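**Q** Below is one structure. I have some questions about it.
The values are calculated or read from the model by the stated rules, or taken from the named source; none is laboratory data. If you're wondering where the values come from, they're calculated on a predicted model, not measured in any experiment. Positions of Cβ are backbone-derived with ideal geometry, glycine not excepted, and every protein chain shown enters the neighbour counts.
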Amino acid sequence: MDIDPETIRKVAQAQGILLGSEEAGTVSASLASLAPARRLAERLSFEAEPATFHAILAREGRR
Amino acid sequence: VSDPALLTLAEAARRLEARTLTSAELVEACLDRIAAIALGLNAFIAVEEEEARAAAAASDARRRSGRALSPLDGIPLAHKDMFYRRDHIVTCGSALRRDWRAGTTATVLARLEAMGTIQLGTLHMAEFAFGPTGHNAHLGPCRNPWDRERITGGSSSGSAAAVAARLAFGALGSDTGGSIRTPSHFCGLAGMKPTWGRVSRAGAMPLSPSLDTIGPLARTVEDAELLLKAICGPDPEDPTAADLPAPDGGGPIAGLRVGLPASGFEDADAETVQAMEAMARVLERLGAVVSTIGMPDIAGISMLANTVLFAEAASHHGTWLRERPQDYTPQVRARLSTGLAIPAPAYIDALRARGPALASMLDGVFGRVDALLCPTVAVPAPHIDRTDVAGSVRMAGVLGLMTQYTRPFNYLGLPALSVPAGFTADGLPVGMQLVGRPFAEGLLLRLGRAYEREARWHEHVPPEAR
């Protein structure tokens, strides 16, 4: 996701955490690297929910 | 073998059982080597010599009276400094917890202690287990026994260095994105990341609970199996710990189906790819059926994993980030701060996508093969100075390379075993992952043990540890 460093500083500040400008730049680059996650997230069905993962693990444990 | 420290854990256990060796001899052999080698590797945070000697004497007394607690009674181990021990300092590799004493004992340590194993000390790790290289600006870098100018990998850096240098017979580590397998690859060890929920995490420092797992780093797959069996099982202190029989790595591999990935691992260097193909040929010769298999979107899955990791880590560290930001190193503070800016829907999407991604992997890959064989890391151990990126903008790229092939399997919750699979022309170890269905650790251990009996890479010892 693309979020510029200044916005990141404001978001962190709203949570009571101060970031320097270089640090905010690093965070911005780190967030940008997450972009491929959207490819899968955008395919999610309306009904998908986190519990499905745990249900599959439990089923596999009973195999 | 003249130096008992060079035995594998399984061999040492057999010698203890046969009474041809004592625990005191094993502990002294390890302490001698720790005195000679450990400082140069920066592998230990604390060495507990007197406690280890006293524990060895007690173990030998039990053996003499026929009351050994288990086959592992008297085996010297050492563990990443993130497993709580009541009234002991547990630093988590940090300044924030430099003097912190735990009020409880981690289930995994309690189980090993109940079996009579001995803890030689606590081991180097990335600050709060949040770093894949082995750098730690508080402690200095941990150094690879195969080449001290190279990284060990992390975050279980000291676990890998200590076991590879034959300073301990095995070690526990944690694996949230590759922290057992990456250092196992760089240091020539067997490392098992179990299925999420196979091993209790009670009393272990959390990083990202949706992804955190605990497992062994060992000289051989056989040793890794012994340690995994010792620590797994249900635990009232951790409701996610599964009530299932311990995995069994015995049995033939003839007929087992092994898949080589058709995509997703293109960044692996030529020597790594050659090692993977050579390992596939050995497994084929042993009777496995090897084929190439289509893969899901590994890069996308990897970044879903990072979304979960960053968001959860930022949550755990929020109070300290507000109140004691100066006590973090710049790299860890920057990585934790990434989670502050991840929108809540993006984090929840990453959790919602987990079920469909796992279902797709089970149907698409594990519907056709029993195990996936793929590189653990794309490259062998890089130089320390080339990976010391601190909190710079290069951080995401350099660190991402370390865990791009391990992280997806944390997200999917799958078991993954990294096994030694050869050496580069420069003499650096190369590891390969065997990945299976949830709770298929036994099958992975079976493949790994069959391969190691044939390939015998575990018999190679770092030059300074011989």
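**Q** Go through the residues of segment B:135-153 one by one and say whether even a single one is closer than 28 Å to B:Thr182 by Cα, crowded, with 24+ Cβ neighbours inside 10 Å, of a type in the set (Val, Ile, Thr) and touching a Cys at 6+ places or on another chain (Cβ under 9 Å).
**A** Within segment B:135-153, one or more residues are closer than 28 Å to B:Thr182 by Cα, crowded, with 24+ Cβ neighbours inside 10 Å, of a type in the set (Val, Ile, Thr) and touching a Cys at 6+ places or on another chain (Cβ under 9 Å).
**Q** Quick one: in segment B:215-246, which of the residues that are assigned to a loop (DSSP other than H, G, I, E, B) and closer than 25 Å to B:Phe186 by Cβ is nearest to the other protein chains (Cβ to nearest Cβ)? Walk me through it before giving the result.
**A** Of the residues in segment B:215-246, the ones assigned to a loop (DSSP other than H, G, I, E, B) are B:219-220, B:233-234, B:236-237, B:239-246.
So of that shortlist, the ones also closer than 25 Å to B:Phe186 by Cβ come out as B:219-220.
Working: B:Arg219: 29, B:Thr220: 27 Å.
My answer is B:Thr220.
**Q** Follow-up. Within the set of pairs 6 or more residues apart or between chains, which connect a residue that is away from chain A (no Cβ under 11 Å) and touching a residue at least 12 places away in the same chain (Cβ under 8 Å) inside segment B:382-401 to a residue that is basic (Lys, Arg) and assigned to a strand (DSSP E or B) with Cβ atoms less than 9 Å apart?
**A** What qualifies is B:Pro382/B:Arg150; B:His383/B:Arg150; B:Ile384/B:Arg143; B:Ile384/B:Arg148; B:Ile384/B:Arg150.
**Q** Do we find a residue being touching a helix residue (DSSP H, G or I) at 6+ places or on another chain (Cβ under 6 Å), over 22 Å from B:Val379 (Cα atoms) and at pLDDT 95 or above anywhere in segment B:263-282?
**A** No, that holds for no residue.
**Q** Among B:Met205, B:Met192, which is the only one that is touching a residue at least 24 places away in the same chain (Cβ under 8 Å) and under 26 Å from A:Glu60 (Cβ atoms)? Steps first, please.
**A** Details: B:Met205 fails: under 26 Å from A:Glu60 (Cβ atoms).
When all the criteria are applied, what remains is B:Met192.
**Q** Counting only residues that are within 8 Å of chain B (Cβ to nearest Cβ) and charged (D, E, K, R), which one in segment A:3-37 is nearest to B:Phe310 (Cα to Cα)?
**A** Checking each candidate, the answer is A:Glu23.
**Q** How many of the residues in segment A:38-49 are within 7 Å of chain B (Cβ to nearest Cβ) and either hydrophobic (A, V, I, L, M, F, W, C) or not in a loop (DSSP other than H, G, I, E, B) (or both)?
**A** Step one: filter segment A:38-49 for residues within 7 Å of chain B (Cβ to nearest Cβ), giving A:39-41, A:44, A:48-49.
Remaining after also requiring either hydrophobic (A, V, I, L, M, F, W, C) or not in a loop (DSSP other than H, G, I, E, B) (or both): A:39-41, A:44, A:48.
Residues that pass the stated criteria total 5.
**Q** At least 1 residues that are farther than 23 Å from B:His135 by Cα and modelled with pLDDT under 95 in each: list the helices (runs of 4 or more DSSP H) lying fully within segment B:291-361 that qualify. Can you show your working first?
**A** Numbers: elements: B:298-323, B:330-338, B:344-352.
Passing ranges, in order: B:298-323.
**Q** Select from segment B:34-53 the residues that are within 22 Å of the chain's Cα centre (by Cα) and assigned to a helix (DSSP H, G or I) and list them in ascending order.
**A** B:Ile34, B:Ile37, B:Ala38, B:Leu39, B:Gly40, B:Leu41
**Q** Further question on the same structure: Among the candidates B:Leu358, B:Leu362, B:Leu372, which residue alone is closer than 22 Å to B:Thr195 by Cβ and either surrounded by fewer than 17 Cβ atoms within 10 Å (Cβ to Cβ) or more than 12 Å from chain A (Cβ to nearest Cβ) (or both)? Let's see the steps before the verdict.
**A** Values: B:Leu358 fails: either surrounded by fewer than 17 Cβ atoms within 10 Å (Cβ to Cβ) or more than 12 Å from chain A (Cβ to nearest Cβ) (or both); B:Leu362 fails: either surrounded by fewer than 17 Cβ atoms within 10 Å (Cβ to Cβ) or more than 12 Å from chain A (Cβ to nearest Cβ) (or both).
Going through B:Leu358, B:Leu362, B:Leu372 in turn, just one is closer than 22 Å to B:Thr195 by Cβ and either surrounded by fewer than 17 Cβ atoms within 10 Å (Cβ to Cβ) or more than 12 Å from chain A (Cβ to nearest Cβ) (or both): B:Leu372.
**Q** Read through the list (1) modelled with pLDDT of 95 or more; (2) of a type outside the set (Asp, Glu); (3) closer than 24 Å to B:Ala299 by Cβ, then give the number of the only condition that B:Ala425 fails.
**A** If we test B:Ala425 against (1) modelled with pLDDT of 95 or more; (2) of a type outside the set (Asp, Glu); (3) closer than 24 Å to B:Ala299 by Cβ, just (3) comes out false.
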